[in-house]
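What follows is calculated from the coordinates using simple rules that are stated; it is not laboratory data. The shown structure was predicted, so the numbers you read here are calculated from the model rather than taken from an experiment. Note that each Cβ is placed from the backbone with ideal geometry, even for glycine, and that neighbours are counted across all protein chains shown.
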2 protein chains.
Amino acid sequence: MNLTRAHEGPLPDMSCGRRQSRASVRICRECTVQTRAFCAVLDDAALAQMERLHTICCLAGEESLFMEDDAAIAFFTVLKGALRLSKLLPDGRRQITGFVLPGEFIGLAAGEVYAHNADALMDTSLCRFSLTDLDRIGQENPELNSRLLAMTNSNLSLAQDHMLLLGRMNALEKTANFLCSLRTRVAAADQPIDPLVLPMCRADIADYLGLTIETVSRTLTRLKANNIISLPEHNLVRINDIAALTQLAEG
Amino acid sequence: MNLTRAHEGPLPDMSCGRRQSRASVRICRECTVQTRAFCAVLDDAALAQMERLHTICCLAGEESLFMEDDAAIAFFTVLKGALRLSKLLPDGRRQITGFVLPGEFIGLAAGEVYAHNADALMDTSLCRFSLTDLDRIGQENPELNSRLLAMTNSNLSLAQDHMLLLGRMNALEKTANFLCSLRTRVAAADQPIDPLVLPMCRADIADYLGLTIETVSRTLTRLKANNIISLPEHNLVRINDIAALTQLAEG
DNA sequence: CGGCCTATTGAATTTCTTCAAATAGTGTGG
DNA sequence: CCACACTATTTGAAGAAATTCAATAGGCCG
């Protein structure tokens, strides 16, 4: 699904508001992710401006937000749900480069076009700004660019960690690392971690870790056989021995 | 080698100046990389300030600029030479996450400490600023942060490309991709590309591509056997069939 | 010339993938 | 409510790719 086809408009169950703002920041201040999002550093005046300019988009699971080489015109903060970022080779091989969770942003491109695909893992809602609006507000509010720079650096650091995983870890280490990282990230978002919910299917895990579906499945089975984890359901993991899992995850 | 041990002071053969500035921008304007570096967007006033605050560091080949977990206190632009960025696993396995060429910067950390090692591939000189100075100038010159953000986004995009390579390409594709990318980057810096000089050893190529030294060597031999490249010397590559190499490089 | 380091080549082994089949879970329509 | 189909996941066996271990070749420097 293309940007232009994304549903736009008020969301009945969203705490983050709708377009018609009265130059107040009431709506943004009530937003569930505002304190973690890029806009957390803005003062009330700037936030009121953002509130006037934002749009809400919703995606159903597996819907696409944008694709590689689409013109980069918009910037999004995930409010609820999650996105999957991926790149493809011409023959269809796919590498998932990361997941975007609530409070995180997506859409700053290095050039005129996006460098990867962004799809919803599940029903997802986003707070959207045009890049031209964002640029303008950035010029008027230097702290915004500092904030975006810090968040982008943090993404770069995650990317470097993931390169180490992809290039130098074996299947067991990759899988253990994935489970530990997911647990940490889910815990940081104050979500329950026991059991840990896997929001993506085996194919997504495989394409994230640079493995095949079968190898991911076998590796999870092996962790289960060693009593390090249990798999009560396909998308649920109980971590029985976090020390052992962490040990594996670090190589 | 640690930051504090890096040689500092005037460089006889450097076009980019030394510490004692006279509030002019003469020295920076003569710098060989200034038009490509992050500071290219600064006006004369800001540049004069930078000129007062900068220091020149020199590293010999294989010397370390900083290590993972060192306190992040400084920011560097490569003037001449090249750096290698890497991360290590506890048992010594290494992943090279990128190379830093003249005009590019290094040192913006996501947190209090650096997230990777940075070592010189060869004799390298750098233009150094403390992060506190950089922050201050960034606050006074919003265009600086925009520029750093754009350059960081470009690094992130390269990192995502490299994840695709590490996770989903085979040895032949990885090696072809490496040669094509190096060629493009060297050409962009107006350096000769025929023969193409490999500034790093096989071990570095292997750790960059997530392969072993032996596999890199075998793959280069294979490309040579197919007349796609020639290897006149260990560190020189002639690309005989750029179309075929590009074809392989794209998967 | 000899030693040392890097790179190449060869053979055996391991890991992961590929191909194939079985199982489990989910939703639909009768 | 059950039979059926569909999909995702697991499991098994065979194969391929890359690694590991071992030996050789090529440069460079003293």
Spherically averaged projected area of the protein assembly as shown from its Cα convex hull (nm²):
24.4
Which residues qualify? For B:Ile229, with a placed amide H closer than 5 Å and at least 5 residues away or on another chain, they are B:Lys224, B:Asn240
Rh_Kirkwood(chain A) over Cα pairs, Å, one decimal, evaluates to 19.3
Selection from A:Leu182, B:Ser130, B:Ala171, by position along the positive dipole direction of the protein assembly as shown (Cβ):
B:Ala171
Could you work out, residue by residue across B:163-175, how many beta carbons of other chains sit within 10 Å of that residue's beta carbon, and then give the average as an integer?
6
Cβ density ranking, 10 Å radius, fewest first, applied to B:Phe75, B:Phe66 yields B:Phe75, B:Phe66
Using a Förster distance of 60 angstrom, determine the FRET efficiency expected from the C-beta separation of B:Ala225 and A:Arg29, and round it to 0.05.
0.35
Per-residue Cβ contact counts at 10 Å, fewest first, order B:His234, B:His116, B:His162 as B:His234, B:His116, B:His162
Can you compute 3J(HN,Hα) from phi for each residue in segment B:186-199, using the Karplus curve 6.51 cos²θ - 1.76 cosθ + 1.60 with θ = phi - 60°, rounded to whole Hz and x for Gly and Pro?
5, 4, 4, 8, 6, 9, x, 10, 9, x, 7, 8, 8, x
Within straight-line cross-link reach of B:Lys174, lysines at Cα separation under 16 Å, skipping those fewer than 8 residues along the same chain:
A:Lys87, B:Lys224
Each residue of segment A:79-87 in turn: what ³J(HN,Hα) in whole Hz from Karplus with 6.51, -1.76, 1.60 and θ = phi - 60°, glycine and Pro shown as x?
9, 8, x, 6, 10, 10, 9, 8, 10
MRE, 222 nm, helices only [DSSP H, n ≥ 4, -39500 (n - 2.57), over chain A, to nearest 500]:
-12000 deg cm²/dmol
Here the FRET efficiency for A:Asn240 versus A:Asp123, based on Cβ atoms and R0 = 30 Å and rounded to 0.05, is 0.45
Nothing charged except the Cβ atoms of Lys and Arg (+1) and of Asp and Glu (-1): what's the magnitude of the dipole of chain B about its Cα centre? Round to the nearest 20 debye.
380
In order over segment B:56-63: 3J(HN,Hα) from phi, Karplus 6.51/-1.76/1.60, θ = phi - 60°, whole Hz, x for each Gly or Pro, gives 9, 10, 10, 10, 7, x, 6, 6
Distant-in-sequence amide H partners of B:Leu198 (H built 1.01 Å from N, under 5 Å):
B:Leu236, B:Val237
For segment B:169-249, shape from the Cα gyration tensor axes a ≥ b ≥ c, cut at a/c of 1.5 then a/b versus b/c, turns out rounded
From fewest to most C-beta neighbours within 10 Å, the residues B:Cys58, A:Cys31 line up as B:Cys58, A:Cys31
